[in-house]
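Participant: Could you have a look at this structure, given as structure tokens, before my questions?
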Amino acid sequence: PLGFVVAVDAVFAALEDAQRHAADRAANDAPTRVVDDVTGECFECRWRDVRAGDVVVVKNREVAPADLVILKVAPPAAGESDGDDPVCYVETKSLDGETNLKQRRALGAASELCSELDADATRFDVAGLRGLTVELEPPNDVVTAFDAVVVSRDGTRRAATLDNVYLRGTTVRSVDWILGAVCGTGADSKIMRTASAPPAKESSLVLAVNRVLKYVVALLVALCFVGGACSHWWVATNEGAWYLGYPRAPGELWTASDRSRRDAEAEVVNLEENVVVKFFYYFLLMAQFVPVSLYVSTSMTRNFQARFMQWDLRMYHAETDTPCVVRTAGLNEELGQISHVFSDKTGTLTCNVMDFRKCCVGGVASAAAARKYFERARATRRSPRP
């Protein structure tokens with residue numbers, strides 16, 4: 001039974017791993033546009049084929065395929081100063097979880113060496129970029145800093161900081177397109193350097209079952225031990241029973257021939273060994289105490305439930321053609337379970353005290369319970385927790 005449980009869990013884990021590998025392949029096969037350094041034409045290239053030194057075009061709301069030093073951005077909006085480095089914006093929620101846009105700037109010296117040849121950003125003049133060299137730090141996992149030096153053909157050196165970089169996984173926003181030089185790809189990009197092995201995640205249901213299972217196993221061991229001890233006591237006090245196979249009975253006088261014959265035919269029982277044997281006998285008899293089938297049932301239920309969640313049309317986003325994706329089926333039952341509520345507040349409120357007054361869940365209000373809580377808190381002269 002244990003081998004069957006392990007086999008079932010291994011099958012479902014293999015299915016989840018295959019789904020993750022498929023997602024990785026889809027990301028690595030995503031298309032991007034690379035500028036040919038001779039003709040200036042943009043040709044489609046997969047993310048996995050992008051190499052350091054390539055010049056890549058990333059358009060608005062597209063994800064950067066690699067770490068890019070920004071060479072040029074779309075012409076600035078009306079009202080911006082021509083003397084300033086062109087400004088663009090980036091969304092970094094895939095790196096730090098923040099949804100606010102961050103400002104980035106193109107390198108002024110590099111921006112003057114390339115230009116757009118048509119309005120739809122399919123041809124660029126990048127001949128001036130030949131001989132441009134980017135000296136940067138070794139690959140690391142620090143996403144809040146970037147140190148590099150851009151060296152032009154005449155030896156002019158200009159520093160490039162985090163303000164001049166689009167990191168892999170970030171989204172271009174508020175500009176039509178950007179032109180960037182690839183400085184880190186694949187495992188050398190910062191987002192891949194920050195990646196770590198996923199921790200083992202278990203739902204509260206599995207943790208509760210494992211906790212109860214410890215007591216069940218302890219009870220099973222205790223019962224087997226009691227059964228073995230009682231068997232030892234009964235056998236020791238009933239040695240005269242002929243069916244136990246002892247070579248003699250207490251008080252019985254045997255002749256030499258009888259003793260030799262019975263010694264040869266009877267099986268001598270060792271009482272100490274009998275305790276151990278009986279312990280495992282009872283363990284086999286009561287092994288069904290351990291709910292082995294429960295693990296199989298819950299695993300199969302969670303995985304079938306994950307399939308129905310992915311097929312649910314009410315969880316499908318038609319605009320982006322994005323269905324619900326279940327990455328870890330073992331956490332299905334955690335959906336909708338709220339244990340803590342964190343709320344941020346500013347100092348502009350009249351009073352920086354947030355008291356719980358009332359909540360409504362499923363049409364049932366809990367104002368009465370909240371009122372009793374605050375009355376009890378005031379009576380004991382304690383401030384209620386926010």
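Participant: Using the structure shown, select from Lys102/Lys201; Lys59/Lys190; Lys59/Lys201; Lys201/Lys278 the pairs with a Cα to Cα distance greater than 28 angstrom.
Facilitator: In this structure, Lys102/Lys201; Lys59/Lys201; Lys201/Lys278 exceed 28 Å between Cα atoms.
Participant: For the range 1-146, with every protein chain kept in place, what is the accessible area per residue (1.4 Å probe, Å²)?
Facilitator: Accessible area per residue: 56 Å².
Participant: Using Cα pairs closer than 8 Å and at least 6 residues apart in sequence, work out the relative contact order for the range 112-180, in percent.
Facilitator: Relative contact order for the range 112-180 comes out at 20 percent.
Participant: Further question: Once each part is reduced to its C-alpha centroid, what is the distance from the range 270-334 to the range 188-202 in angstrom?
Facilitator: 26
Participant: Using a probe radius of 1.4 Å on heavy atoms only, what accessible surface per residue do you get for the range 157-208? Whole Å² is fine.
Facilitator: Per residue, the range 157-208 has an accessible area of 48 Å².
Participant: Now for a separate question. Is the shape of the range 190-241 best called rounded, prolate or oblate, per the rule: a/c under 1.5 gives rounded, else a/b larger than b/c gives prolate, else oblate, with a ≥ b ≥ c the square roots of the Cα gyration tensor eigenvalues?
Facilitator: Prolate shape, in that a/c is at least 1.5 and a/b is the bigger ratio.
Participant: Additional query: If I compute solvent accessible area with a 1.4 Å probe over the protein chains, what percent of it on the range 1-79 is carbon and sulfur?
Facilitator: The nonpolar share, carbon plus sulfur, comes to 59 percent.
The values are calculated or read from the model by the stated rules, or taken from the named source; none is laboratory data. These numbers come from a predicted model, not from an experiment. Please note that ligands, DNA and RNA were not included when accessible areas were found on the heavy atoms of the full protein model with its side chains. Shrake-Rupley method; radii C 1.70, N 1.55, O 1.52, S 1.80 Å.
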